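Where a number appears in this text, it was derived from the coordinates with a stated rule and is not lab data. This structure is a prediction, so every number in the text was calculated from the model and none was measured. Every residue, glycine as well, gets a Cβ built from its backbone with ideal geometry; the counts of neighbours run over all protein chains shown.
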Amino acid sequence: MSPKSLYIHVPFCERKCAYCAFASAVPKKGERGLYLEALAREFDIRLRGTRPKLETCYVGGGTPTALSPAQWNSLVATVEKHFDFAPAAEVTVEANPNSLTAEHLKIWRDWRVTRVSIGVQSFDDAELKLMGRLHDADGARRAIAAALSCGFDVGADLIFGLPRQTFRGWGLTLREAAHRGLSHISLYQLTLEEGTPWASLDEKLLGDGYAAYRWAQWYLPRRGYAQYEVANFAVPGRESRHNANYWREGEYIGAGPAAVSYTAGLRSKNYGSLARYAKSLEEGALPIEESEELTAEKSAREAAVLALRMTEGVFAENFIKRYGEKNYRSVCSAMQKFPRALYEIDNRGIRLTKKGMRVANIIWSEII
Amino acid sequence: MKYDNIRNFSIIAHVDHGKSTLSDRLLEATGTIEKRNMKAQLLDRLEIERERGITIKSVPVRMDYKAADGGNYVLNLIDTPGHVDFSYEVSRSLAACEGAVLVVDAAQGVEAQTVANSYLAADLDLELIPVLNKIDLPSAHPEQVKRELEEIIGIDAGDAVPVSAKTGEGVPELLERIVRDIPVPSGDASAPLQALIFDSVYDNYRGVICYVRVVNGTLSAGQNVRFMATAQDYELTEVGVFKPEMIQVGALGPGEVGYICASIKTIDEARVGDTVTESARPAAEPLAGYKKVKPVVFCGFYPIEREDINQLREALEKLQINDSAISFEPENSAALGFGFRCGFLGLLHMEIAKERLSREFGVDLVATAPNVVYQILLTDGSVKEAHRPSDFPEQVRIEEIREPYIKLSIFMPDQFVGAAMQLCQEKRGSYSGMDYIAPERVRLTYDMPLAEFILDFHDRLKSCTRGYASLDYEHVGFRAANLVKVDVLLQEEPVDAFSFICHADQAYHRGHAVVGKLKELIPRQLFEVPVQAAVGKKVIVRMNIKAVRKDVLAKCYGGDVTRKRKLLEKQKEGKKRMKQVGHVSIPQEAFLAFMDVTKSEEN
């Protein structure tokens, strides 16, 4: 059975944000063309003539809108050349407010795009400036409105735990997000990553983020957004199927630099460097930098961690069928170290409570 | 062979009065070491001795000297440590001598160890040659120091030798005085062999090397000898003298100082203080030995990496061979795992041992807070010795707790008397006397619990007297005191490594400091963790470590689950390095910092 999910990584941005450690860079001349050619070659080599029928497709980055409308046409053609789509396939595209144009939206509408995920991050101009974003709050508002007017489901990414972010400031951003017609809201806590301008920032400036997250857990459901994953809230029925597939251990193909694929129990990661990625493909080889196949026990533990990201949690029956009774029990006993208020355990399985989600990382690190 | 040309002597002095420098000058003046091969503190062989400028081990050296009278003499100098913790080394060395050179700094005058070491020498009927050192200093006042010597120590200082170990001035005169005044060793070469082991070291190739002083008879290579304490016989493989490196000689006769090797593997077979005699013709009586020194300060040594426990054991065994005053036995702490409870003669002794373990043997270790040895009178009338807080029985079974006391002498300029007395009072000292040893110098004596002394007394005395005080102490036995064991509990469970003993009046104060420090050091857990200090069942301090709150929700991007898993695994690994006590993870640093807090913070 071939994978039903495809992720395409666009490794370009108009500018690197101060906090970002993802594989992306400001494109040099000719790099976008090189990328599109290499991507087509990757599909050729990877699929070997097969045509997977996709349930979900996600174009992320970087910044997919860093590709011009013309380049987007070429990208769409490449994907259509290699894949079929199921009738109600979910196709998501990420967009940045500053580079999203009407032409982009038109191309997407004419193609199969159902969701647009916008990198809003904040509705506070000072915060946006601090992060090195190229847009202001108004830009984000316009982008959301434009995407909505094309009939897409629109989601937004928000960041909390920013330096000197006040609780009130965060509350205002959340309130605005909840009043803009979005169907999906993702919340990410700022992490200071090695190799970024913010790596040397004093963590004490950030606070523990607990209150910000707890507020979102309280507020968003009251505005119609239910939490379905540790970082994701959605109007019921509008959850991202693509992301849920990751947590449910579904298979997926990842294409583009630094993208990860998971097929036939093997997880592999492409070269992060565009040059290295393209060179490998030119030589006719898959551009895989590293891959891993986990032992049964390790993959069981990882599966439990992934499942606990979702509010639905670990389903006992499925889990035992796949990994055996012993592995399930070892997850249960790892959970026992924690206060009962953090999780629920019953015949159906194990789930983190709202309170548990707030300290999920510690729980996962115990299980892994 | 004649032995009346031998002179055996030690140099005794207070710390920093120039003992090691004077030794260096004597070695030069007798040509034992050529000047170009000279380095400072030549006899202090341990790296740590040279670094700290102190002497820890006694080191003997043999010097050939042609005196003004034309005679050739053999001078055996046995260098001795100056710090009070090592006074047992001093007394051992002195027992191998007929005389001692008492060095006093002509600028500073008589200090605590001057007195203590002089008394040690006097007890052994040694001839003392007083020497006033540093007379080249402008601040030297030799006449007053002579008066101090006469008044405090009670020796005739009229013919004290003025020298400058720095410039070498007066050294030839001193050598003449040594030949003239140090008694000729008495001994009978034809009598049955009697040789005193005054020290020993371990050598990887030759086994235990015993430092000996022959009293009667003769030692020679190939001879069969008996160690009288163990009644074991050995064949001597090597006999030699110190010049100062070990040089083989044919034989050692009465009065001579040297070393012997006999393929001895463990220190127990060749105890310091034992008498070596001849197997074929044993002496009737052993020589007067030494009292076995009893450790008074204890602490636990634990390897930082658990699997290094055997390495630590081997290192301690080797260290013990070179320093028989160290005792150790295995112990097991719920918090720190397997380690050793080690006994020492004092705090400096403990620090030196710890440092030597890590430097010479490459063992990284955690030391628990030091404590003294306690005697506990139980309700059934028996007496139990406690080397650690966990040795304490339940409160109801305790009739009385006794702790070791010392008699403390402090020498200082009189302007600091007030400050020093205040410190002594605070440390539960009881005043025993004060006298003027010079118009502006005072000797203050107090009885004080050893536990208070080892805490941080020395450092605090130094700071409140601006470094002008010197001190010495002797043990004066055990006295009953109102002591309690304070337990520290995490989540209602006592953690043995954090328990400590203190006076009932200080229990709250110290408990508060310890609990406060732990609250700072133990990272937040997923639940609230109460940290308590308790005496028996009674909780006297309680603080809470608040529950951890939000942890990072890293974005798991584009299905890169591997990266996320590795991050989680790294976190888990970090947690493993912490000590798990119940559900609480305690970082190693908490155990270390706990020591600091018990040492100084509650002042």
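Taking the DSSP beta bridges in the protein assembly as shown as the whole, what percent of them are antiparallel, to the nearest 5? Can you show the working numbers first?
Values: 132 of 183 bridges.
Taking every DSSP beta bridge within the protein assembly as shown, about 70 percent pair in antiparallel fashion.
So in chain B, what percent of DSSP beta bridges are antiparallel if you round to the nearest 5?
Numbers: 111 of 131 bridges.
Given both bridge residues lie in chain B, the antiparallel proportion sits at roughly 85 percent.
Explain nothing, just compute: Karplus ³J(HN,Hα) = 6.51 cos²θ - 1.76 cosθ + 1.60, θ = phi - 60°, for every residue of the stretch B:465-477 in order, whole Hz, x for Gly and Pro.
Each residue of the stretch B:465-477 in turn: 10, 6, x, 8, 8, 10, 9, 8, 8, 9, 7, 10, x Hz.
When chain A is modelled as a GNM with alpha-carbon springs shorter than 10 Å, which of A:LYS53, A:LYS29, A:LYS269 fluctuates the most?
Residue with maximal mean-square fluctuation among A:LYS53, A:LYS29, A:LYS269: A:LYS29.
Does a label point 7 Å from the Cα of A:THR295, set along Cα-to-beta-carbon, have any residues of the stretch A:313-336 with amide nitrogen under 11 Å, and which are they?
From the stretch A:313-336, the list is empty.
Taking 41 Å as R0, compute the FRET efficiency from the Cβ-Cβ separation of B:GLU317 and B:GLU493 and round it to 0.05.
Numbers: r = 34 Å, r/R0 = 0.84.
The calculated FRET efficiency here is 0.75.
Compute the distance in nm between two label points, each set 7 Å from the Cα along the Cα-to-Cβ direction, one at A:ALA126 and one at B:ALA251.
It is 9.7 nm.
If the chain between B:GLU360 and B:ASN310 were fully stretched, how many nm would it gain, using 0.36 nm times the residue separation less the Cα-Cα distance? Walk me through the numbers before you get to the answer.
Numbers: separation 50, 0.36 × 50 = 18.00 nm, distance 1.58 nm.
Extra length from B:GLU360 to B:ASN310 when fully extended: 16.4 nm.
Please compute the contact order of the stretch A:67-215 in relative form: average sequence separation of alpha-carbon pairs under 8 Å and at least six residues apart, divided by the residue count, as a percent.
On the way: 186 pairs, mean separation 30.3, N = 149.
Value for the stretch A:67-215: 20 percent.
To the nearest 0.05, how large is the calculated FRET efficiency for B:ASN5 and B:HIS458 if R₀ is 30 Å and r is the Cβ-Cβ distance?
Details: r = 44 Å, r/R0 = 1.46.
Calculated value: 0.10.
Can you tell which of A:GLU239, A:GLU292, A:GLU31 shows the greatest fluctuation in a Gaussian network model of chain A with Cα springs below 10 Å?
Taking springs between Cα atoms under 10 Å, the residue moving most is A:GLU292.
At what distance in nm do the modelled label points of A:LEU266 and B:LYS66 sit from each other, each positioned 7 Å from its Cα along Cα→Cβ?
Spacing of the two 7 Å Cα→Cβ label points: 9.0 nm.
Where Lys and Arg each count +1 and Asp and Glu each count -1, what net charge lies around B:THR266 among other residues with Cβ under 11 Å from its Cβ?
Numbers: positive: B:LYS265, B:ARG271, B:LYS318; negative: B:ASP268, B:GLU269, B:GLU317.
Cβ neighbours under 11 Å give a net charge of 0.
Please identify the GluC sites (Glu not before Pro) of the stretch B:199-278 that satisfy two criteria: DSSP loop assignment and at most 15 other Cβ atoms within 10 Å. Which are they?
Here the GluC sites (Glu not before Pro) that fit, given the DSSP loop and packing criteria, are B:GLU245.
Counting only DSSP beta bridges with both residues in chain A, what percent are antiparallel, rounded to the nearest 5? Before the final figure, lay out each step's value.
Values: 21 of 52 bridges.
Here the share of antiparallel DSSP bridges comes out near 40 percent.
Given the DSSP H assignment, sum -39500 (n - 2.57) over each helix run of at least 4 residues in chain B and divide by its residue total; what's the result at 222 nm in deg cm²/dmol, nearest 500? Walk me through the intermediate numbers first.
Details: 13 runs with 140 residues, N = 603.
About -7000 deg cm²/dmol.
For the stretch B:381-441, which GluC sites (Glu not before Pro) are in a loop by DSSP, counting at most 14 other Cβ atoms within 10 Å? Write out the running numbers ahead of the final one.
Numbers: sites: B:GLU385, B:GLU394, B:GLU399, B:GLU400, B:GLU426, B:GLU440; in loops: B:GLU394, B:GLU440.
Passing both the DSSP loop test and the Cβ count: B:GLU394, B:GLU440.
Filter A:LYS298/A:LYS326; B:LYS384/B:LYS485; B:LYS485/B:LYS538; B:LYS318/B:LYS354; A:LYS269/A:LYS326; A:LYS129/A:LYS269 down to the pairs with a C-alpha to C-alpha distance above 21 Å, please. Write down the numbers at each step before the final one.
Working: A:LYS298/A:LYS326 13 Å; B:LYS384/B:LYS485 15 Å; B:LYS485/B:LYS538 11 Å; B:LYS318/B:LYS354 13 Å; A:LYS269/A:LYS326 30 Å; A:LYS129/A:LYS269 33 Å.
Exceeds cut-off: A:LYS269/A:LYS326; A:LYS129/A:LYS269.
Could you list the residues of the stretch B:169-189 with an amide nitrogen less than 20 Å from a label point located 7 Å from the Cα of B:GLU285 in the Cα-to-C-beta direction?
Flagged as within label range: B:185-189.
Working out 0.36 nm times the residue gap between A:ARG276 and A:ARG223, then minus their Cα-Cα distance, what length gain in nm do you get to one decimal? It would help to have the intermediate numbers written out before the result.
Details: separation 53, 0.36 × 53 = 19.08 nm, distance 4.62 nm.
The A:ARG276-A:ARG223 span can extend by a further 14.5 nm.
For B:GLU278, enumerate residues with amide H under 5 Å from its amide H, sequence gap 5+ or separate chain, H modeled in the peptide plane.
Under 5 Å from the amide H of B:GLU278 lie the amide H atoms of B:LEU193, B:ARG226, B:ALA283, each far enough along the sequence or on another chain.
Starting from the amide H of B:GLN232, placed 1.01 Å from N in the peptide plane, find each other amide H under 5 Å away whose residue is 5 or more places distant or on another chain.
Sorted by chain and number, the residues that satisfy this are B:PHE227.
From the square roots a ≥ b ≥ c of the eigenvalues of the alpha-carbon gyration tensor of the stretch A:132-226, which class results: rounded (a/c under 1.5), prolate (a/b over b/c), or oblate? If you can, show how the numbers build up before the last one.
On the way: a/c = 2.35, a/b = 1.46, b/c = 1.62.
Because a/c hits 1.5 or more and a/b fails to exceed b/c, the stretch A:132-226 counts as oblate.
Short version: ³J(HN,Hα) in whole Hz for each residue of the stretch B:374-381, in order, from phi by Karplus 6.51 cos²θ - 1.76 cosθ + 1.60 (θ = phi - 60°), x for Gly and Pro, what are they?
Here the 3J(HN,Hα) series is 10, 10, 10, 8, 8, 5, 7, x Hz.
Quick check: residue separation of B:GLU528 and B:ALA191 times 0.36 nm, minus the Cα distance between them. What number comes out in nm? Let's see the in-between values first.
On the way: separation 337, 0.36 × 337 = 121.32 nm, distance 7.77 nm.
So the chain would gain 113.6 nm between B:GLU528 and B:ALA191.
Report, by chain and number, residues whose modeled amide H sits under 5 Å from the one on A:TYR343, excluding near sequence neighbours (fewer than 5 apart, same chain).
Answer set, sorted by chain and number: A:THR353.
What are the ³J(HN,Hα) couplings of the stretch A:32-48, residue after residue, when phi is run through the Karplus curve with 6.51, -1.76, 1.60 and θ = phi - 60°? Round to Hz, x for glycine and proline.
In residue order, the calculated couplings are 5, x, 4, 5, 5, 5, 5, 4, 4, 5, 4, 4, 3, 6, 5, 8, 6 Hz.
Place the peptides B:140-149, A:251-260 in order of packing, highest mean first, counting for every residue the other Cβ atoms within 10 Å and averaging per peptide.
Highest to lowest by the protection proxy: A:251-260, B:140-149.
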